[in-house]
Amino acid sequence: MRDNPYWPIEMVVGRIKVESDDRMLRSFDLRFKDPSQRFDFLPGQFCQLSILGKGEAPFGIASSPDEKDFLRFTVNRVGVVTTALHYLKEGEVIGLRGPLGNHYPVEKFRGEDVVIIGGGFAFTTLRSLLLYLLARREEFGQITVIYGARRPGLLLYRDELFQWEGRSDLRLILTVDKEFPGWNRKVGFVPAVTKEVAPSSKKGWAVVCGPPIMIKYTLPVLSELGFPPERIYTSLERRMKCGIGKCGRCNIGPKYVCIDGPVFSLAELERLPEPY
């Protein structure tokens with residue numbers, strides 16, 4: 001990040017890819033306008049993307065730290081800033097502030113099993129995490145990924161998902177909420193599928209990211225499977241605005257999601273006032 005945390009870095013829009021069949025999700029690969037810029041981050045962190053005259057908004061980094069040529073962000077079109085982002089063309093310049101927030105505790109995962117559970121378009125930072133783990137595969141135990149969406153066309157990064165299914169060193173379970181023509185994988189909500197798959201909690205860590213309702217019902221399943229609260233992590237995005245703890249929009253008790261998070265353990269969340 002620059003010395004002035006309010007001053008954005010100029011980024012050039014590169015590859016743009018439509019990720020979902022409803023065209024509401026698009027991935028953008030950004031490159032530094034100044035090639036001498038340096039950007040170091042870890043999975044779980046986020047950035048603020050800005051467009052002059054439209055505003056800025058926070059987005060989790062979907063690329064891996066090992067993907068050096070670009071930063072990838074996947075954007076769901078829901079408001080003024082995200083709509084403006086969807087209208088961008090390759091070669092246009094936008095602003096970026098970051099990296100911001102904390103990250104998944106990858107240093108704690110070394111030598112142990114990791115369970116990654118995602119839902120819908122919240123798989124962005126989980127993609128970053130998974131690629132980080134796979135690039136250092138020998139440092140970790142069993143890696144299990146459970147990822148679900150309402151229907152197949154809403155699963156992100158489908159080309160990569162189907163490639164990962166063929167890996168012998170990765171257990172990947174894909175699911176959709178209900179039966180869909182041509183879908184021959186799991187059918188069911190993520191919490192129920194997690195209970196069915198029953199990943200081992202022995203020497204295991206769990207990372208959950210998805211819609212609030214999915215997280216709400218998945219966390220108790222992990223607890224039932226024996227994962228202690230300090231070994232369950234999730235990512236919160238609660239009304240984040242400034243990204244640096246100045247505006248107070250994301251305050252929860254003594255914590256600011258944008259600087260103390262967005263990654264929290266369940267043990268930390270249990271000490272916060274509800275609703276978090």
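General remarks:
- When PHE32 is tested against the conditions (1) free of Cβ contacts under 8 Å to residues at least 40 places away in the same chain; (2) farther than 15 Å from GLY98 by Cα, the lone failure is (2).
- One residue from ARG127, ARG167 being among the basic types (Lys, Arg) and in a helix (DSSP H, G or I): ARG127
- Residue check, TYR256 out of contact with any strand residue (DSSP E or B) (no Cβ under 9 Å at 6 or more places or on another chain), of a type in the set (Ser, Thr, Tyr) and without any contact (Cβ under 8 Å) to a residue 24 or more places away in the chain: yes
- Qualifying residue in the stretch 230-240 (condition: in contact with a Cys (Cβ under 8 Å, 6 or more places away or on another chain), free of Cβ contacts under 8 Å to residues at least 40 places away in the same chain and surrounded by 15 or more Cβ atoms within 10 Å (Cβ to Cβ)): yes
- Just one of the numbered conditions (1) in the same structural domain as GLN142 (by TED's automatic domain parsing); (2) of a type outside the set (D, E, K, R); (3) free of Cβ contacts under 8 Å to residues at least 12 places away in the same chain is not true of VAL176: (3).
- Candidates GLU179, GLU196: the one that is assigned to a helix (DSSP H, G or I) and not small (Gly, Ala, Ser) is GLU196.
- Pairing each residue of the stretch 127-138 that is at pLDDT 95 or above with any residue that is assigned to a helix (DSSP H, G or I), provided the two are 6+ apart or on different chains, yields C-beta distances under 7 Å for TYR132/VAL106.
- For the stretch 1-75, the strands (runs of 3 or more DSSP E) that sit wholly inside it and include 3 or more residues that are loosely packed, with under 15 Cβ neighbours inside 10 Å, outside the structural domain of LEU131 (by TED's automatic domain parsing) and in contact with a strand residue (DSSP E or B) (Cβ under 7 Å, 6 or more places away or on another chain) are 9-18.
The values are calculated or read from the model by the stated rules, or taken from the named source; none is laboratory data. What you see is a predicted model, and the numbers here were worked out from it, not measured in a lab. FYI the Cβ positions are ideal-geometry reconstructions off the backbone, even for glycines, and counts take in every protein chain you see.
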